[in-house]
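Peer 1: One structure follows; several queries about it will come next.
Any read-out appearing in this document is the output of simple, stated calculations on the displayed coordinates, not a laboratory observation. None of these values were measured; they are calculated from a predicted model. For neighbour counting, all protein chains shown are included, and Cβ atoms are generated from backbone atoms with ideal geometry for every residue, glycine included.
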Amino acid sequence: MLFFSFFKTLIGKTVAVELKNDVILTGTLHSCDQYLNLKLSSVTVVNGDKYPQLGCLKNAFVRGSVVRYVQIPSGEVNTELLEDATRKENAPKKREVAK
Amino acid sequence: MSLPFGSVPGYLPGSTSLVEQLDRPVLLILRDSRHILGVLRSFDQFCNVLIEQSKERRFCWTNENGKHPVYTDVEEGATVIKGDQIVIMGEVDNLEAESMGVGGKLKKVPLKEFNRIMERVDEGEEKKRGKCWDFDTDLNN
C-alpha cells in the first residue's frame, strides 16, 4: 500500500513509464490503484518512430504487471517522508497480551 | 456522458480508472503483440474486459509491393479479453484510427491481400519489427 500512496502524491506530475518490452511512455499521471496500474494522460512514446501505433492515443491505461520502471522527477519526492513511511510500515507489530 | 474526475467509488479495487473509458473506442495492446480496436463495454476487478465491434489490426511493416506499410482489420464482433493479457489500453478518437500516429502512411488492405503480402515478406525482418511488442519472450531471455 506504500507505493500506492506514494503514487497518489504524484498524480498530476509528468512521469516516464518503462515497460518490460523496453517501450517508454511519457505522460501526466492521472490515477493509480492498489495493483499499481497507472493511467497516463497526454501520453507520448519516447521512441515514437519505432512504435508509431501509439500516436493516436489520448490517454493510456497501463497494467501494473507490465511495468519495469517508473521514472519520476527527483524534485517531487520527499525522501524523508518516504523513509518514515517505510519504517512505519515495516515496524514490528505489537502483540496483544492475553489476560 | 463523462464522469467528473473523482466520482469513482474508492472501494472498487484494481479497476477504478477504467470507468471513464466505458462506451469509448479503445485500442488494446496484448502480451502477444496483438492490437485490438473496439468499444469498451465492461470490465471487472481483474481487468478482464468486454469489447464490442472488436477488430484485430495486423500490420506489415516490410511491405515490398508499395512503399507504404499496410494494415488489415480482422472483424471479430464481441470479445472478452482476460486481464492478464492486457498491456496497454488507450482511448482513441474513433474506431477507424486510420493514421495510428504514422501520419497517414499506413495503407489499409483487405485480409486476402494482406495474407498474400505476408507470404512474400521476409520473416526475419518482420519479426524484428513485430517482436518489440511480444512480452512473452521476456520470460525466455
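Peer 1: Residue check: is A:Asp22 facing another protein chain (nearest Cβ under 10 Å) and on the phi > 0 side of the Ramachandran plot?
Peer 2: Spelling it out, A:Asp22 is indeed facing another protein chain (nearest Cβ under 10 Å) and on the phi > 0 side of the Ramachandran plot.
Per-residue answers, yes or no, for (1) away from every other protein chain (no Cβ under 11 Å); (2) within 13 Å of the chain's Cα centre (by Cα):
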site	(1), (2)
A:Glu18	yes, yes
A:Leu54	no, no
A:Leu57	no, no
A:Phe61	no, yes
A:Val67	no, yes
A:Pro73	yes, yes
A:Asn90	yes, no
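Peer 1: Another one. Of all residues in the range A:75-94, count the ones that are touching a residue at least 12 places away in the same chain (Cβ under 8 Å) and exposed (fewer than 10 other Cβ atoms within 10 Å of the Cβ).
Peer 2: Residues flagged as touching a residue at least 12 places away in the same chain (Cβ under 8 Å) and exposed (fewer than 10 other Cβ atoms within 10 Å of the Cβ) within the range A:75-94 amount to 0.
Peer 1: For A:Thr14, are the conditions met, namely being surrounded by 14 or more Cβ atoms within 10 Å (Cβ to Cβ), away from chain B (no Cβ under 12 Å) and within 30 Å of B:Tyr71 (Cβ to Cβ)?
Peer 2: Considered against the rule, which asks whether it is surrounded by 14 or more Cβ atoms within 10 Å (Cβ to Cβ), away from chain B (no Cβ under 12 Å) and within 30 Å of B:Tyr71 (Cβ to Cβ), A:Thr14 comes out as no.
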